[in-house]
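The values are calculated or read from the model by the stated rules, or taken from the named source; none is laboratory data. A quick note: this is a predicted structure, and the numbers were derived from the prediction, not measured. Because the Cβ atoms are built from the backbone with ideal geometry, glycine has one as well, and the counts that use them run over all protein chains shown. What goes into the accessible areas is simple: the full protein's heavy atoms, side chains included, and nothing from ligands, DNA or RNA. Shrake-Rupley method; radii C 1.70, N 1.55, O 1.52, S 1.80 Å.
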Amino acid sequence: MSAQVRDMTKGSPAKLILLFAVPLMLGNIFQQLYTMVDTIVVGQVAGVQALAALGAVEWIMWMTLGVSTGVTQGFSILISQHYGAKKWNDLKKTVAHSYLLTAVTAILLLLISQLAARWLLVLLNTPDNIMSLIYLRIVFCGIPIVAAYNIFASVLRALGNSRTPLIAMIIAAFINVVLDLVFVAGFNWSVAGAALATVIAQAFSAFYCFLIVRKIEIVHTDRDDFAKVPGLNRKLFGLGAPILFQDVIISVGGLAVQFVINGYGFLFVAGFTATNKLYGVLEMAAISYGYAVVSYVGQNLGAGEITRIKKGVHASSFLAFLTSAFISIVMFLFG
């Protein structure tokens, strides 16, 4: 079990946060890699209209999948607090109820997204020749899979394990690349093939994280852990809601940009899609250090180590600034 968790209440705050954040940044690189492969394969094989079709739905996908990411990241806050406080019974109950709430959220999101898919494309003024409803529907079918990966990865990160989500993302990246070539280039399934490749790759990453979580005894859950605990679900949603709304607000801004871009026609959308794939690299430091701070602060808050929290926040802010500055310079020179 010790290899699968990391106690962040002891040791150098800066070193702990850096060791936690680096695997997340590498995972982000691999995630960007396979989204770029989607873009390259679809653009080269299926043509510019298919490439534009991918870009036309990007912010819609970001908004729906961001809801799952937001709530599960919120759940991890309480999980990390109980881990830091060594409250093993509370930890198991919190993990169990996080599973339940994630499942409910995923099912509701799946139903709503499928019902609203066509309406959203029309609302965004999507040109008829790139209105790829089938791509959107296939990706939305994968919402429960993404939710499963997010909650298992959130549990692992709450316990100080950022290595397993990295390995899962590397596996998903290679699977996605291979399936892109098979489905898009080989079977000529165009954007539908790219969507199917992404969903299958995500399923493997979710399954891998699940297998690792099962090996950690302190988060093994049984039927009793799923029993009702007064106030627990409300507390979990209270922690997840702010992050969820943050992601939704960002998505609304992205959708507004997408609406304007769609008005210029599919060639403009295609160009924007190709260059926008690099944008995720710029967010890499903020996302990685953000996850690191959530786990670090949660564990130390549970342990009552307030002084360590202050040191960790200062260290992570400094490290994030240096990393962001480096990435910005590299992107400016070589983007």
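Which label belongs to the value computed from this structure, given these candidates for Rg/Rh (Cα atoms, Kirkwood Rh): [x] 0.98; [y] 1.01; [z] 0.95?
This structure yields the entry labelled [x].
What nm value, rounded to one decimal, do you get for the distance between Asn233 and Ala286 when each label is placed 7 Å out toward the C-beta?
Going by the 7 Å Cα→Cβ label model, 3.4 nm.
Measure up Lys15/Lys235; Lys86/Lys215; Lys93/Lys215; Lys10/Lys87 against 26 Å on the Cα-Cα distance and list the ones that go over.
Table pairs above 26 Å Cα-Cα are Lys15/Lys235.
Report relative contact order for the stretch 157-299 in percent, whole number only (criteria: Cα-Cα under 8 Å, sequence separation at least 6). Don't jump to the answer; show the numbers that get you there.
Values: 54 pairs, mean separation 43.7, N = 143.
Contact order relative to length: 31 percent.
How high is the relative contact order of the chain? Use alpha-carbon pairs under 8 Å, at least six apart in sequence, and give a whole percent.
37
Viscosity 0.692 mPa s, temperature 37 °C: Stokes-Einstein D of the stretch 233-335 from its Kirkwood Cα radius, in µm² per second?
Reported coefficient: 197 µm²/s.
At 1.4 Å probe radius, can you tell me the per residue accessible area of the chain in Å²?
I get 46 Å² per residue for the chain.
Got a number for the accessible area of Glu283? Probe 1.4 Å, square angstrom, nearest 10.
Number for this one is 50 Å².
Zone of Ile171 (label point 7 Å along Cα→Cβ, backbone N under 16 Å): which residues in the stretch 97-115?
In the stretch 97-115, the label zone of Ile171 (backbone N under 16 Å from the point 7 Å along Cα→Cβ) covers no residue.
Using a Gaussian network model of the chain whose springs link C-alpha atoms within less than 10 Å, name the residue from Leu109, Leu78, Leu54 with the highest mean-square fluctuation.
Evaluated over the chain, the most mobile residue of the options is Leu109.
Accessible area, 1.4 Å probe, largest first: how do Ser190, Ser132 sort?
So, going from the largest accessible area down, we get Ser190, Ser132.
Return a whole-number percent for the relative contact order of the stretch 134-195, with Cα pairs under 8 Å and 6 or more residues apart as the contact set.
Values: 25 pairs, mean separation 26.8, N = 62.
Worked out over the stretch 134-195, it gives 43 percent.
With each label point set 7 Å from Cα along the Cα-Cβ vector, what nm distance links Phe326 and Val104?
About 4.3 nm, to one decimal.
Where the only charges are on Cβ atoms (+1 Lys, Arg; -1 Asp, Glu), what is the dipole of the stretch 59-193 about its Cα centre, to the nearest 20 debye? Spell out each step's value before the answer.
Numbers: 8 positive and 3 negative charges, 113 e Å.
Computed charge dipole of the stretch 59-193: roughly 540 debye.
Cα atoms only, the stretch 67-191: Rg and Dmax in Å?
18.2, 57
Please report, for the Cα atoms of the stretch 120-208, the Rg to one decimal and the Dmax as a whole number; what are they, in angstrom?
Considering the stretch 120-208 through its Cα atoms, Rg and Dmax are 15.3, 47 Å.
Just need log10 I(q)/I(0) for the stretch 1-154 at q = 0.08 Å⁻¹, Debye formula, equal scatterers on the alpha-carbon atoms, no solvent, rounded to two decimals.
-0.33
How much of the pair distance distribution for the stretch 45-131 lies past 20 Å, counting alpha-carbon pairs only, in percent?
Everything past 20 Å amounts to 53 percent.
Please report, as a whole percent, how much of the solvent-accessible surface of the chain comes from carbon and sulfur atoms (probe radius 1.4 Å).
Whole-percent figure for carbon plus sulfur exposure: 70.
Which one, Val297, Val42, Val229, has the greatest fluctuation when you compute a Gaussian network model over the chain with C-alpha springs under 10 angstrom?
Answer for the Gaussian network model of the chain: Val229.
Sorted by accessible area with a 1.4 angstrom probe, largest first, how do Phe237, Phe183, Phe204 fall?
Ranking Phe237, Phe183, Phe204 by accessible area, largest first, yields Phe204, Phe237, Phe183.
Can you tell me how much longer the chain between Gln44 and Phe245 gets when fully stretched, taken as 0.36 nm per residue apart minus their C-alpha distance, in nm with one decimal?
Difference between extended and current length: 68.7 nm.
Compute the acute angle (0 to 90°) between the alpha-carbon long axis of helix 13-41 and the principal axis of greatest extent of the alpha-carbon atoms of the chain; round to the nearest 10°.
Between the helix axis and the principal axis of the chain, the angle is about 20 degrees.
Accessible area, 1.4 Å probe, largest first: how do Leu136, Leu26 sort?
The most accessible residue leads, giving Leu26, Leu136.
Suppose every Lys and Arg Cβ carries +1 and every Asp and Glu Cβ carries -1, with no other charges. What dipole size does the stretch 160-309 come out with about its Cα centre, to the nearest 20 debye?
Computed about the Cα centre, the dipole is about 140 debye.
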